[in-house]
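K.L.:
Got a structure for you, written out below as structure tokens; questions coming shortly.
The values are calculated or read from the model by the stated rules, or taken from the named source; none is laboratory data. Please read all numbers here as calculations on a predicted model, not as lab measurements. Cβ coordinates were reconstructed from backbone atoms using ideal geometry, including for glycine residues, and neighbour counts include every protein chain displayed.
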Ligand SMILES: Cc1ncc(COP(=O)(O)O)c(C=O)c1O
């Protein structure tokens, strides 16, 4: 297997045949220690030494030294993680409330801050109520696992995030995947669900491709089959729609959506997750959603920071406008280089390089050596013939940073692909 | 080992992973998706089959196969190589 190391991936070691549970599969160890795999893995988990701004500093695994880099990997889409008003609000809350909530929400973990932030989020999403979670992943897992039971059917777009799949697995519901963004395939699945309780899940912006849900068509099929709907707006909240409420607002369909999920780790620049829906189901979920019920409430200073982030991002469209201006500029520059950007329609811009895992890693090292922190996304996270880099555009990018990045991308990726 | 034997292993594992499919009724010209398998089911079937056949085919080589017959060809290639 040694000479074929690069054709293997984490997808090949999921099942473990070793008799001792605390020992990984025997071939995993030799794969993991192969020099090429070690080198590839070295790209991941590199340490940031400063805030995830557009310009930051990393402890590079290339040479073990500190390097100033242009950061096009962080999800800090609107720059809110370091916005002065956000930092100030978090600092004040830190003084007042301390670091942690020190309790589960039902017993002692609910602070006035949590109640107020949930109220504002519900109002923002134009739903009756909201449930706040300590992580985005926990929010999806908790909502799905709290809503569905054995005997129910969970229908998902095949590109949905792992947190939705894990929630489905935990719930015991049967899971059916429809072809990505394909209303006809969704219809076929729903045809099989007649007489059952059904929930259909999709995302506003898909995280690996940056394309949008074909919401009008998908919602029409769901309405025809009277299936409940769940949208994950992790990569679209605060950015899409006239008021920044997300892709559902963008399509004018937010009131038709049954439950709306968002994360606080991306555009909000903090950490946590939330779901908004009718007040009765939110009250019910509190009884059955384990990541809410059996886990400490979100850290108060982070909640205070997020509440300020919501205010800053929605009081006018300055940050959104800056983001979309940067998206347009970068996209044009990348298209001029004749790069394959898939079907991106958002601030998530993949640069698809094809099936060679070796090229992907080689390009990644070269890019990072030149000072651009842009991480590769490899199989099995994306299809084996569509390995890629993924740019997360930020409103904070300057013209100069984007021009420098485009030059590096041209020299390494565009020229490398032609070579 | 014959291709028929490989197909039997795959069919048996598809049936074992589903409540309402009978191994005898599975047509190798169809894909597992046609029998209602989702991507998680497919990983399970492929893994249990490879374990039984004592082979290890990289998942990245299986992504553009269209049906059970092609999966069996791929498995057979590795069985004949004696790849462990
Ligand atoms: C679509 C989608 N949903 C949910 C999550 C989970 O969010 P978090 O990273 O905030 O836990 C992510 C990000 O990882 C995501 O991309």
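K.L.:
Just to check your reading of the model, which residue among A:220, A:226, A:196, A:174 is modelled with pLDDT under 95 and more than 20 Å from the chain's Cα centre (by Cα)?
P.N.:
On inspection, the qualifying residue turns out to be A:174.
K.L.:
So in the stretch A:183-214, with the set limited to residues that are within 13 Å of chain B (Cβ to nearest Cβ) and assigned to a loop (DSSP other than H, G, I, E, B), which one is farthest from residue A:138 (Cα to Cα)?
P.N.:
Restricting to residues being within 13 Å of chain B (Cβ to nearest Cβ) and assigned to a loop (DSSP other than H, G, I, E, B), the top hit is A:192.
K.L.:
Just to be sure before I move on: is residue A:262 within 12 Å of residue A:125 (Cα to Cα), crowded, with 23+ Cβ neighbours inside 10 Å and touching a residue at least 12 places away in the same chain (Cβ under 8 Å) in the structure I sent?
P.N.:
yes
K.L.:
Given the conditions (1) modelled with pLDDT under 95; (2) closer than 22 Å to residue A:62 by Cα, which single one is not true for residue A:380?
P.N.:
Status for residue A:380: all satisfied but (2).
K.L.:
Then there's this: Mind telling me which of the residues B:20, B:41 ends up being modelled with pLDDT under 90, within 14 Å of another protein chain (Cβ to nearest Cβ) and assigned to a helix (DSSP H, G or I)? If you could, list the steps in order and put the result at the bottom.
P.N.:
Values: B:20 fails: assigned to a helix (DSSP H, G or I).
Being modelled with pLDDT under 90, within 14 Å of another protein chain (Cβ to nearest Cβ) and assigned to a helix (DSSP H, G or I) holds for just one of B:20, B:41, which is B:41.
Okay, residues lined up against (1) within 27 Å of residue A:212 (Cβ to Cβ); (2) in contact (Cβ under 8 Å) with a residue 24 or more places away in the chain; (3) buried (at least 22 other Cβ atoms within 10 Å of the Cβ); (4) not assigned by TED's automatic domain parsing to the domain that holds residue A:268:
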{"position": "A:337", "(1), (2), (3), (4)": "yes, yes, no, yes"}
{"position": "A:340", "(1), (2), (3), (4)": "yes, no, no, yes"}
{"position": "A:358", "(1), (2), (3), (4)": "no, yes, no, yes"}
{"position": "A:361", "(1), (2), (3), (4)": "no, yes, no, yes"}
{"position": "A:368", "(1), (2), (3), (4)": "no, yes, yes, yes"}
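K.L.:
What residue, of A:148, A:164, A:176, A:170, is more than 13 Å from the ligand (Cβ to nearest atom), more than 12 Å from every other protein chain (Cβ to nearest Cβ) and touching a strand residue (DSSP E or B) at 6+ places or on another chain (Cβ under 7 Å)?
P.N.:
A:148
K.L.:
Could you figure out which of (1) in a loop (DSSP other than H, G, I, E, B); (2) more than 11 Å from the ligand (Cβ to nearest atom); (3) over 18 Å from residue A:324 (Cβ atoms) isn't true of residue A:242?
P.N.:
For residue A:242, the exception is condition (3).
K.L.:
Let me ask something else. Which condition breaks for residue A:236 when tested against (1) away from the ligand (no atom under 16 Å from the Cβ); (2) away from chain B (no Cβ under 14 Å); (3) not in a helix (DSSP H, G or I)?
P.N.:
With respect to (1) away from the ligand (no atom under 16 Å from the Cβ); (2) away from chain B (no Cβ under 14 Å); (3) not in a helix (DSSP H, G or I), residue A:236 is out only on (1).
K.L.:
If only one of A:113, A:78, A:121 is crowded, with 16+ Cβ neighbours inside 10 Å, touching a residue at least 60 places away in the same chain (Cβ under 8 Å) and more than 23 Å from the chain's Cα centre (by Cα), which one is it?
P.N.:
Working: A:78 fails: more than 23 Å from the chain's Cα centre (by Cα); A:121 fails: more than 23 Å from the chain's Cα centre (by Cα).
So the residue among A:113, A:78, A:121 that is crowded, with 16+ Cβ neighbours inside 10 Å, touching a residue at least 60 places away in the same chain (Cβ under 8 Å) and more than 23 Å from the chain's Cα centre (by Cα) is A:113.
K.L.:
Here is a follow-up. Kindly check whether there is at least one residue in the stretch A:92-105 that is in a helix (DSSP H, G or I), within 23 Å of the chain's Cα centre (by Cα) and away from the ligand (no atom under 16 Å from the Cβ).
P.N.:
Restricting attention to the stretch A:92-105, the residues satisfying the condition of being in a helix (DSSP H, G or I) are A:92-97, A:105.
Retained after the next criterion (residues that are within 23 Å of the chain's Cα centre (by Cα)): none.
Scanning the stretch A:92-105, I find no residue that is in a helix (DSSP H, G or I), within 23 Å of the chain's Cα centre (by Cα) and away from the ligand (no atom under 16 Å from the Cβ), so the answer is no.
Residue-wise test of (1) touching a strand residue (DSSP E or B) at 6+ places or on another chain (Cβ under 9 Å); (2) in a helix (DSSP H, G or I); (3) modelled with pLDDT of 90 or more.
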residue: B:7; (1), (2), (3): no, yes, yes
residue: B:11; (1), (2), (3): no, yes, yes
residue: B:24; (1), (2), (3): no, yes, no
residue: B:30; (1), (2), (3): no, no, yes
residue: B:50; (1), (2), (3): no, yes, yes
residue: B:75; (1), (2), (3): no, yes, yes
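K.L.:
Looking at A:44, A:13, which one is within 14 Å of chain B (Cβ to nearest Cβ) and within 25 Å of the chain's Cα centre (by Cα)?
P.N.:
Result: A:13 is the single residue among A:44, A:13 that is within 14 Å of chain B (Cβ to nearest Cβ) and within 25 Å of the chain's Cα centre (by Cα).
K.L.:
Also: Right, residue B:46: free of Cβ contacts under 8 Å to residues at least 40 places away in the same chain and part of a helix (DSSP H, G or I) or not?
P.N.:
Values: free of Cβ contacts under 8 Å to residues at least 40 places away in the same chain: yes; part of a helix (DSSP H, G or I): yes.
In short, yes.
K.L.:
I'd like to verify a number: residues in the stretch A:376-404 that are within 23 Å of the chain's Cα centre (by Cα) and either in the same structural domain as residue A:267 (by TED's automatic domain parsing) or closer than 17 Å to residue A:68 by Cβ (or both), how many?
P.N.:
Pass one, the stretch A:376-404, residues within 23 Å of the chain's Cα centre (by Cα): A:376-397, A:402.
This time we only want the ones that are either in the same structural domain as residue A:267 (by TED's automatic domain parsing) or closer than 17 Å to residue A:68 by Cβ (or both), so: A:394, A:396-397, A:402.
Summing the residues that are within 23 Å of the chain's Cα centre (by Cα) and either in the same structural domain as residue A:267 (by TED's automatic domain parsing) or closer than 17 Å to residue A:68 by Cβ (or both) in the stretch A:376-404 gives 4.
K.L.:
Mind checking which residues of the stretch B:53-72 are exposed (fewer than 14 other Cβ atoms within 10 Å of the Cβ) and either within 10 Å of the chain's Cα centre (by Cα) or more than 11 Å from every other protein chain (Cβ to nearest Cβ) (or both)?
P.N.:
Result: B:66, single match.
K.L.:
Same structure, new question: Does the stretch A:39-64 hold any residues that are at negative phi and modelled with pLDDT under 95, and which are they?
P.N.:
Correct list: A:39, A:40, A:41, A:42, A:43, A:44, A:46, A:60, A:61, A:62, A:63.
K.L.:
Also: Find the helices (runs of 4 or more DSSP H) located wholly in the stretch A:283-377 whose residues include 3 or more that are in contact with a helix residue (DSSP H, G or I) (Cβ under 9 Å, 6 or more places away or on another chain) and closer than 30 Å to residue A:145 by Cβ, and list them.
P.N.:
Values: elements: A:290-293, A:300-315, A:318-336, A:357-369.
Because the criterion is at least 3 residues that are in contact with a helix residue (DSSP H, G or I) (Cβ under 9 Å, 6 or more places away or on another chain) and closer than 30 Å to residue A:145 by Cβ, the helices (runs of 4 or more DSSP H) in the stretch A:283-377 that meet it are A:290-293, A:300-315.
K.L.:
Here's something else I'd like to know. Which condition from (1) assigned by TED's automatic domain parsing to the domain that holds residue A:360; (2) in contact with a helix residue (DSSP H, G or I) (Cβ under 8 Å, 6 or more places away or on another chain); (3) surrounded by fewer than 20 Cβ atoms within 10 Å (Cβ to Cβ) is the one that residue A:40 breaks?
P.N.:
For residue A:40, the exception is condition (3).
K.L.:
Between A:156, A:137, which is in contact with a strand residue (DSSP E or B) (Cβ under 9 Å, 6 or more places away or on another chain), assigned to a strand (DSSP E or B) and within 16 Å of the ligand (Cβ to nearest atom)?
P.N.:
Numbers: A:137 fails: assigned to a strand (DSSP E or B).
From the options A:156, A:137, the qualifying one is A:156.
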